[in-house]
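*Asks:* Before I ask anything, let me first share the structure, which is written out below as structure tokens.
None of the figures in this text is laboratory data; all of them are computed from the coordinates on show. Here the structure is a predicted model, which is why all the values come from computation and not from measurement. Here Cβ is always computed from backbone atoms with ideal geometry, including for glycine, and neighbour counts include all displayed protein chains.
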Ligand SMILES: NC(=O)c1ccc[n+]([C@@H]2O[C@H](COP(=O)([O-])OP(=O)(O)OC[C@H]3O[C@@H](n4cnc5c(N)ncnc54)[C@H](OP(=O)(O)O)[C@@H]3O)[C@@H](O)[C@H]2O)c1
């Protein structure tokens, strides 16, 4: 992988970024909470090919995907991604766990699932093979029988009366020491996070493919989650080229989302 910006090396120097270098390049600011979103898209903006993101990904993208998990306290997904992406347990390899231990972090990030309907299988591998008990963020109006079915395999956090209050959910994660949140999608969850102005970073992989008409964008939503009053300006933090694929990191301009929402004041620097 060749880092192109900033400070580009000579193009003939195809500097390969190993895991250690990638951890530096993607290092979060642990002095404040952060919601980082990770997506892969085609050149023409498709979020999936034949229903899955796999066809857009590559070895380099998977490497960054894994490094982003290594840096996170919590890995957040919408229930749709859990249902459609053959999503397994969030479990890091030993080398990544060793690095986390050295940093004083929990050995594994916690999986956090967002669901309104609680249409989830308690026997799903993401629950049954989880190294850390997952957290489900839902609301008081979620069906009680489904809640009872999931409670044995996950911590159920009620945030909101008739819909999931993501800001309250993030505040609860922060209270549990999960300040660095990596959102792995999908588009509806990303849309809701954007509508609530809770996004700090986007790590976007641009895959050198033209998918054609059909697939949706990386953001979707309806009703209250349909959009933002104004677009959120972002600044480019870096671009990495891996062959014809680009791995970008963008950060929100100005105040962190947590500052805007009054969270994180009690966060311990360098945790
Ligand atoms: N390209 C990529 O990087 C990437 C990444 C992830 C997913 N994807 C693709 O995206 C597609 C899935 O899209 P999707 O939009 O359905 O995924 P999603 O956002 O993960 O799932 C939507 C579901 O998540 C729950 N949810 C999301 N936001 C919520 C909120 N604010 N409040 C309450 N519940 C919320 C709801 O679950 P309930 O129905 O249980 O209430 C909702 O139906 C798949 O084709 C997948 O391949 C692509």
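*Asks:* What is the calculated FRET efficiency for residue 19 to residue 253, with r their C-beta to C-beta distance and R₀ = 22 Å, to the nearest 0.05? Please report the intermediate quantities before stating the final value.
*Replies:* Working: r = 29 Å, r/R0 = 1.32.
Plugging the Cβ-Cβ distance into 1/(1 + (r/R0)^6) gives 0.15.
*Asks:* Something else: As an exercise, use a Förster radius of 22 Å and the Cβ-Cβ distance of residue 31 and residue 260 to find the FRET efficiency, rounded to the nearest 0.05.
*Replies:* Numbers: r = 16 Å, r/R0 = 0.74.
Calculated value: 0.85.
*Asks:* In addition: Fully extended, how many nm does the chain gain between residue 117 and residue 129 (0.36 nm per residue separation, minus their Cα-Cα distance)? Intermediate results must be reported in sequence, preceding the final value.
*Replies:* On the way: separation 12, 0.36 × 12 = 4.32 nm, distance 2.25 nm.
Extra length from residue 117 to residue 129 when fully extended: 2.1 nm.
*Asks:* Below 8 Å, C-alpha to C-alpha, sequence gap of six or more: please give me the relative contact order for the range 31-260 in percent.
*Replies:* Numbers: 458 pairs, mean separation 64.5, N = 230.
Here the relative contact order equals 28 percent.
*Asks:* Quick one: helix 59-71 against the long Cα principal axis of the chain, what's the angle to the nearest 10°, folded into 0 to 90?
*Replies:* Helix 59-71 sits roughly 50 degrees off the main axis of the chain.
*Asks:* Once both labels are modelled 7 Å past Cα along the beta-carbon direction, what's the residue 94-residue 236 spacing in nm?
*Replies:* Between residue 94 and residue 236, the simple spin-label model gives 4.1 nm.
*Asks:* From the square roots a ≥ b ≥ c of the eigenvalues of the alpha-carbon gyration tensor of the range 70-124, which class results: rounded (a/c under 1.5), prolate (a/b over b/c), or oblate?
*Replies:* Details: a/c = 3.19, a/b = 2.36, b/c = 1.35.
Note, shape of the range 70-124 comes out prolate.
*Asks:* Just check the range 31-260 against the gyration tensor rule for me: Cα atoms, a ≥ b ≥ c as the square roots of the eigenvalues, rounded for a/c under 1.5, and otherwise prolate or oblate depending on whether a/b exceeds b/c.
*Replies:* Details: a/c = 1.32, a/b = 1.21, b/c = 1.09.
The shape class here is rounded.
*Asks:* Counting only C-alpha contacts under 8 Å and six or more residues apart, can you give the relative contact order of the range 54-191 as a whole percent? Let's see the in-between values first.
*Replies:* On the way: 224 pairs, mean separation 39.4, N = 138.
Worked out over the range 54-191, it gives 29 percent.
*Asks:* Something else: Taking springs between alpha-carbon atoms closer than 10 angstrom, which of 187, 208, 134 fluctuates most in the Gaussian network model of the chain?
*Replies:* Among 187, 208, 134, the largest GNM mean-square fluctuation belongs to 208.
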